[in-house]
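Heads up, the thing below is written out as structure tokens.
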Amino acid sequence: MRTYHSVPFSDVTITGEFWRERLDTVLERTIPSQLRKLEESGIRGSIRLPKPVPPLTIPRQPNGFTVQYFWDSDIGKWIEAAAYALSHRHDATIEAEVEAMIDDLEAAQQPDGYLNCFYTEREPQNRWTNLRDNHEMYNAGHLLEGAVAYYHATGKDRFLGIMERYMDHIAATFGRGEGQRRGYPGHQEIELALIRAFHATGKEKYRDLATYFIDERGNTDGVEHYFTKEAKERGADPATYHFASSGMYEYSQAHIPVREQTKVVGHAVRAMYMYAAMADLAAEHGDAGLKAACEALWKDATEKRMYVTGGFGPSAHNEGFTRDYDLPNDTAYAETCASVAMVFWAARMLNLDLDGQYADMLELALYNTCLAGLGCDGEHYFYDNKLESDGTHHRWAWHMCPCCTMNVSRLVASVAGYFYGRSEDGIAVHLYGGATTTLPVAGGHVTLEETSDYPRDGRIRIAVTPDGTGPFTLSLRIPAWCEGARAAVNGADVEVTLERGYLKLTRDWAAGDVVELDLPLVPGRLYAHPDVVRDAGRVALRRGPLVYCAEQADNDAPVLRLRLPADAPLSDRPAPDLLGGTVLIDAPARAEEDAPWEHALYRPTRAAEKDVRLTALPYYLWCNRGPNPMQVWLLE
């Protein structure tokens with residue numbers, strides 16, 4: 001069923017200015033600063049066992065939960081991001097820090113393979129008693145992903161060996177065999193890690209364990225729901241589950257078997273991680289049922305429950321979904337982690353079917369909500385991503401739940417792995433922005449050198465240098481937002497006929513061949529479905545893959561009062577000295593005036609308007625000059 005394979009990040013070199021600058025920032029500032037924050041917050045020290053047990057840094061909530069339960073996952077994600085960085089540029093100091101963490105994790109591992117520093121230090125008697133809430137498998141998954149990434153980046157397998165022993169313990173504990181527990185994670189993630197471990201080691205037992213977790217989820221099969229059963233076993237009343245009111249176990253997508261799910265519900269990050277694993281396993285097993293479920297869920301997510309910026313989950317209460325078309329702007333949650341997870345899901349759907357809708361979604365989430373999650377300085381973050389602010393929303397240097405910090409850094413550090421896909425007789429280019437790779441295809445190898453200043457400029461050049469190949473197909477994504485795309489091979493125009501969003505060029509390629517693409521980047525308008533009532537009478541702006549916003553720092557009139565006439569012309573303007581270089585959108589607009597309201601709160605006549613100039617910048621750049629009012633959806 002799999003049609004394409006992703007090209008590993010380590011096989012692609014980023015050369016374009018846009019992503020090179022982001023990558024350099026993560027390498028030089030984000031990863032070192034995160035290491036300092038991990039130490040200051042106590043997370044780094046939490047894996048140094050044994051020691052006198054300190055008081056909890058993060059007190060328990062009324063339901064007994066503390067975010068310290070998943071501190072191991074923050075260590076795992078930091079190691080993963082650091083591994084990607086080491087792949088691009090060796091840093092002896094960072095590598096030594098990773099090795100020191102591995103020393104501590106190895107010392108903390110129990111004789112039976114179990115490795116969870118919170119439980120080992122504080123509650124060893126409660127291991128595996130609360131999968132629903134306490135993140136043991138989630139932690140294990142992120143540690144495993146860190147181990148796989150470090151192995152790929154350095155060739156060192158000590159950490160991978162530690163985690164393989166832990167996975168063997170988990171496989172022995174959970175399953176349908178005699179004496180095993182029919183459990184699965186409350187917070188999905190380990191499934192993705194196990195599939196990566198399978199590809200790294202070739203050991204099918206890891207793929208089999210991931211398959212078990214997906215197949216067993218929500219499947220009562222004549223027995224009591226596992227989360228209900230384990231709650232009773234630990235003396236808890238299942239009815240007191242904190243999220244039961246929103247639909248028992250919908251919060252963790254464990255309400256029904258995954259193949260029966262058609263509505264995107266519950267916690268957004270858990271959902272997206274699970275859908276990504278489902279797509280992975282659909283490809284691995286040729287599983288039509290999993291593929292159909294993924295397609296139904298994709299349709300629901302992107303047609304009824306997605307922000308224009310590629311954000312997901314409007315509610316802070318459950319960090320997730322509510323009802324169709326419920327997409328408020330000033331209270332939007334849209335957790336950075338959820339959009340990172342959408343990138344994972346989209347990439348895996350793209351491997352199932354080379355369909356441009358998946359690459360379009362990957363690009364939308366990546367360039368907007370994901371990048372907004374990391375400040376230009378590489379040391380400040382958004383956890384939630386509002387689409388409107390009165391000036392009080394701000395970036396933070398750290399968070400008591402720092403999941404998004406390492407999630408966005410590991411995504412940016414591995415972004416090279418999303419540019420290309422390959423099959424036996426073809427190569428697909430999914431993203432543009434300057435990236436070089438050499439790949440096996442059609443019995444030989446080919447080097448592709450893509451150069452561009454995308455997404456600031458849509459002119460793209462791809463040099464093709466084959467070595468011993470036969471004819472093969474080069475598939476170039478033409479984004480759905482693009483109108484009037486042009487293409488040429490060796491200077492000769494090519495008709496731009498699309499197959500599921502890709503221009504497919506099949507020929508006997510020769511050294512010196514050059515493909516040129518022109519994807520016109522022009523400012524345009526976007527409107528929301530009428531049922532998104534919060535956006536009625538409003539318009540959003542975009543240019544290429546970037547969604548724009550009006551930020552007070554660039555406008556004289558209050559941005560929350562700005563009205564953009566429907567016939568106002570839009571123009572773009574390079575701003576090379578603003579926030580590392582960008583392109584702004586300008587337009588004539590109108591804004592209501594204060595005078596002569598004086599002290600009146602209401603009156604029978606409308607406010608007078610004045611002509612103003614509207615300036616919008618890419619959404620991902622907002623709040624890099626300090627907190628100030630911002631709006632994506634403008635009054636029209």
Within straight cross-link reach of LYS37, meaning Cα distance under 20 Å, which lysines are found once same-chain residues fewer than 8 apart are removed? LYS77
If one computes the Cα centroid of the stretch 413-482 and of the stretch 573-636, what distance in Å separates the two points? 39
In the neighbourhood of LEU519 defined by beta carbon distances under 13 Å, the net charge of the other residues (Lys, Arg +1; Asp, Glu -1) is -2
Which one, ILE14, GLY64, THR154, projects farthest toward the positive side of the charge dipole computed for the stretch 5-418 from Cβ point charges (K/R +1, D/E -1)? GLY64
Cut-off under 14 Å on the C-alpha distance; same-chain residues fewer than 8 positions from LYS205 excluded. Which aspartates and glutamates are left, in chain and number order? GLU164, ASP168, GLU191, GLU284
With r as the distance between the Cβ atoms of LEU578 and LYS610 and R0 = 25 Å, compute the FRET efficiency 1/(1 + (r/R0)^6) and round to 0.05. 0.45
So, relative contact order of the stretch 523-635 in percent, Cα under 8 Å, 6 or more apart, is 35
Sequence of MET306, MET349 once ranked by neighbouring C-beta atoms within 10 Å, starting from the fewest: MET306, MET349
Most exposed first, judged by fewest Cβ atoms within 10 angstrom, VAL583, VAL148 run VAL583, VAL148
Place the peptides 213-222, 364-373 in order of packing, highest mean first, counting for every residue the other Cβ atoms within 10 Å and averaging per peptide. 364-373, 213-222
Mean-position separation - Cα centroids, the stretch 1-39 and the stretch 53-96, in angstrom: 18
With each run of n ≥ 4 DSSP H residues scored as -39500 (n - 2.57), what mean residue ellipticity at 222 nm is computed for the chain after dividing by its residue count and rounding to the nearest 500 deg cm²/dmol? -10000 deg cm²/dmol
Starting from the Cα of LYS304, draw a straight line to each of the lysines and keep only those under 23 Å, dropping any in the same chain fewer than 8 residues away. LYS263, LYS291, LYS386
Antiparallel DSSP beta bridges within the stretch 420-518, percent to nearest 5: 90
Taking ARG158, ARG456, ARG603 and counting other C-beta atoms within 10 Å, the order from fewest to most: ARG603, ARG158, ARG456
So which GluC sites (Glu not before Pro) in the stretch 47-121 end up in coil per DSSP with only 10 or fewer other C-beta atoms within 10 Å? none
Counting other C-beta atoms within 10 Å, and keeping those with at most 10, which DSSP coil chymotrypsin sites (Phe, Trp or Tyr not before Pro) do you find in the stretch 541-636? TYR602
Taking amide hydrogens as modeled 1.01 Å from N in the peptide plane, which residues meet the under 5 Å criterion relative to VAL494, leaving out close sequence neighbours? ALA487, ALA488, VAL489
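No lab work stands behind these numbers, since they all come straight from the coordinates. These numbers were taken from a predicted model, which means no experiment stands behind them. A quick note on method: Cβ atoms are made from the backbone with ideal geometry, for glycine too, and the neighbour counts reach across all protein chains shown.
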